[in-house]
Amino acid sequence: MKQAFQHILFVTILGIFTLFLSSFQTLEHRTVSDFKLLNVDGKMISLADYPDAKGFIIVFTCNHCPFAKLYPERLNQLNTMYNDKGVPLIAISSTDTLLFAEDTYPKMIEKSKKEHFNFAYLFDENQSVAKNFSAQKTPHAFVLWKENNEWVIKYNGAIDDNGAEPMKVKNHYVSNAVEELLSGKQVATKETKSIGCQIHFRK
């Protein structure tokens, strides 16, 4: 009886461990599909339009969110740092424009000009790309890397650890991940909690 119980316990623990390991591998190696969205310059943009890209910094953001408003300058800096190294930054707005009129496409154009965006700012009107990425907040950052002709998520979460005070940032999560990948290393911090406004998905 005792031996049978121990066998059942062992099998149960092994099953839980296997499930955990499978979930971890799925998270670390999750791929995302390419997309085609309208940029603020009126052109349709997809990942395929960057044939020489090694990876991408994808940031889900918007106009209305107070947290997102803290980051335009830092997004410009990230694109300046990594675009020429083959890792361009693309920002995507996927919020519900019925709830937030400030996030409509014309308002996106206005903001991109006012903030002097040096990166693509795409309109995810039907929210399909945000769902594909499982984006939750604005801002929510993802670092993609090309492996076997697929785009693999290597990092997702916050851009850094201090939205309000850029000079006091201690952990530059996105740039750290990109630097590690460019150096051929594994990303040390693969996921953090994105802090910002919730993306409300229309049913």
#### Entry: Relative contact order of the chain, pairs being alpha-carbon contacts under 8 Å that are 6 or more residues apart, as %
24 percent
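Take each of the peptides 69-75, 146-152, 105-111, 119-125, average the number of other beta-carbon atoms within 10 Å over its residues, and list them starting from the highest.
Details: 69-75: 18.7, 146-152: 12.3, 105-111: 16.4, 119-125: 20.9.
Packing proxy ranking, top to bottom: 119-125, 69-75, 105-111, 146-152.
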### Task
In nm, give the distance between the simple-model label positions of K43 and K203, each being 7 Å from the Cα along the Cα-to-Cβ direction.
4.0 nm
### Query
Can you give the Rg and Dmax of the stretch 47-93 based on its C-alpha atoms, in angstrom?
11.5, 34
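Divide, for the chain, the radius of gyration over alpha carbons by 2.2 N^0.38 Å, where N is the residue count. Each step should come with its number before you reach the end.
Values: Rg = 19.3 Å, N = 203, 2.2 N^0.38 = 16.6 Å.
It is 1.17.
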### Message
Given contacts defined as C-alpha pairs under 8 Å and at least six residues apart, what's the relative contact order of the stretch 99-195, whole-number percent?
### Response
22 percent
### Message
If the rule is a partner Cβ under 4.7 Å, which cysteines in the chain fail it?
### Response
C62
#### Entry: Neighbourhood charge, 10 Å Cβ-Cβ cut-off, centred on V178 and excluding it, Lys, Arg +1 and Asp, Glu -1
+1
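Coordinate-derived values only; no laboratory data. As the structure is a prediction and not an experimental result, all values here were calculated from the model. Using ideal geometry, Cβ is built from the backbone for each residue, glycine included, and neighbour counts are taken over all protein chains shown.
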